[in-house]
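This report refers to the structure that appears directly beneath it.
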Amino acid sequence: MLDSVVTQIKYIFSQRSLINQFTRREISNRYKGSYLGMIWSFITPLMMLTIYTFVFSVIFQARWGTTGETSKVEFALILFTGLIVFNVFSEVVSSAPNLIIANSNYVKKVIFPLEILPIVALGSALFQTLISYLILLLAILVLTGTFYWTALLFPIIILPLLLISLGLAWFLASLGVYIRDIGQIISIAVPALMFMSPIFYPISSIPEEFQFIYSLNPITYVVEDMRRAIIWGQQPNWSWLIIEFFVGLVIAVLGYIWFKKTRKGFADVL
């Protein structure tokens, strides 16, 4: 079993040139034909940050925690950090059901590695995430005059969520070929999951009897650790980070196995 997993990892790694090429094309196509082009990568997160902050901190008068001492600037940074984490998951999972259908011309090409398509989707989403992350660091530095070394732990903290996203993408990409309704289901489930994650509110504000539900949500731990490291300069919860890494690894492996087992019927269905 282990030898098979290692072999598949080597195989995917051998396709890195093709993955890089497709990822670049995906990023380029996202802004193709627009006047501002890649500038939208910076404008979009800034606009969403402004809108969410205005709605929650100005209209709803929301404050972080029970004391209500959080300033609007800190609230904006806290909110933006949670959105960065969720958006990478959301973009990958939301696009997954249509990945094979949208690239059906590659299905009948036996030599084309269809399994790289979810990786390409992850790479494209990660590109936007990195830009948003840099904007966040710059905003913290300019608005608060602080920069914590723990912010450099960003790749380690987000890795489990990337593995989970990739595993789900392989699973949903395959399932979307056989069950076309899966795309509609995901379009409802993802926004619901956003409000079921501690993005717009701290986990401490959740009634104790419901906190076990949030403990089952892998996004919860990543969001909380990201805020600890970037906003408050604290180290992540290493115990949960290690556990979630292995959970993500299992989901990624199972999703890949599912994809490989079911891809044989893609051509017949499409």
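The table that follows gives values for the structure above.
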read-out: Positions within segment 222-254 being touching a Leu at 6+ places or on another chain (Cβ under 6 Å) and farther than 30 Å from I140 by Cα, in sequence order; value: L249, A252
read-out: Pair list, Cβ < 8 Å and 6+ apart or interchain, from segment 172-200 residues that are on the phi < 0 side of the Ramachandran plot to residues that are surrounded by fewer than 17 Cβ atoms within 10 Å (Cβ to Cβ) and not in a helix (DSSP H, G or I); value: V177/L270; L193/N217; M196/N217; S197/N217; P198/I206
read-out: Only one of L175, L216, L137, L117 that is of a type in the set (A, V, I, L, M, F, W, C), under 18 Å from the mean Cα position of the chain (by Cα) and at pLDDT 90 or above; value: L117
read-out: Qualifying residue in segment 214-235 (condition: in a helix (DSSP H, G or I), without any contact (Cβ under 8 Å) to a residue 24 or more places away in the chain and surrounded by fewer than 19 Cβ atoms within 10 Å (Cβ to Cβ)); value: yes
read-out: Search result, residues across segment 236-249 that are surrounded by 13 or more Cβ atoms within 10 Å (Cβ to Cβ) and more than 17 Å from the chain's Cα centre (by Cα); value: P236, N237, W240, I243
read-out: Test: residue in segment 144-151 that is within 21 Å of F171 (Cα to Cα), outside any loop (DSSP other than H, G, I, E, B) and either touching a residue at least 40 places away in the same chain (Cβ under 8 Å) or touching a Gly at 6+ places or on another chain (Cβ under 8 Å) (or both); value: no
read-out: Candidates F22, F13, F42, filtered to the one that is part of a helix (DSSP H, G or I), of a type in the set (F, W, Y) and at pLDDT below 80; value: F42
read-out: The listed residue being assigned to a helix (DSSP H, G or I) and at pLDDT 90 or above, out of S187, S204; value: S187
read-out: Every pair of residues 6+ apart whose Cβ atoms lie under 7 Å, when the first sits in segment 89-105 and is more than 17 Å from D268 (Cα to Cα) and surrounded by fewer than 24 Cβ atoms within 10 Å (Cβ to Cβ) while the second is among the hydroxyl-bearing types (S, T, Y) and at pLDDT below 95; value: S94/S187
read-out: Verdict on Q211 being polar (S, T, N, Q), closer than 30 Å to Y148 by Cβ and either modelled with pLDDT of 95 or more or more than 15 Å from the chain's Cα centre (by Cα) (or both); value: yes
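Residue-by-condition table, conditions (1) modelled with pLDDT under 85; (2) closer than 16 Å to I27 by Cβ; (3) in a helix (DSSP H, G or I):
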position	(1), (2), (3)
T70	yes, no, no
F75	yes, no, yes
F80	no, no, yes
I84	no, no, yes
F89	no, no, yes
V93	no, no, yes
I100	no, no, yes
V110	yes, no, no
S132	no, yes, yes
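Residues are listed down the side, and each one gets a yes or a no for (1) under 26 Å from K72 (Cα atoms); (2) of a type outside the set (D, E):
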{"site": "T144", "(1), (2)": "yes, yes"}
{"site": "Y148", "(1), (2)": "yes, yes"}
{"site": "L152", "(1), (2)": "yes, yes"}
{"site": "P155", "(1), (2)": "no, yes"}
{"site": "L166", "(1), (2)": "no, yes"}
{"site": "V177", "(1), (2)": "no, yes"}
{"site": "E209", "(1), (2)": "no, no"}
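The values are calculated or read from the model by the stated rules, or taken from the named source; none is laboratory data. Only a predicted model underlies this, so the values are computations on that prediction, with no experimental measurement involved. Backbone-built Cβ (ideal geometry, glycine too); neighbour counts: all protein chains shown.
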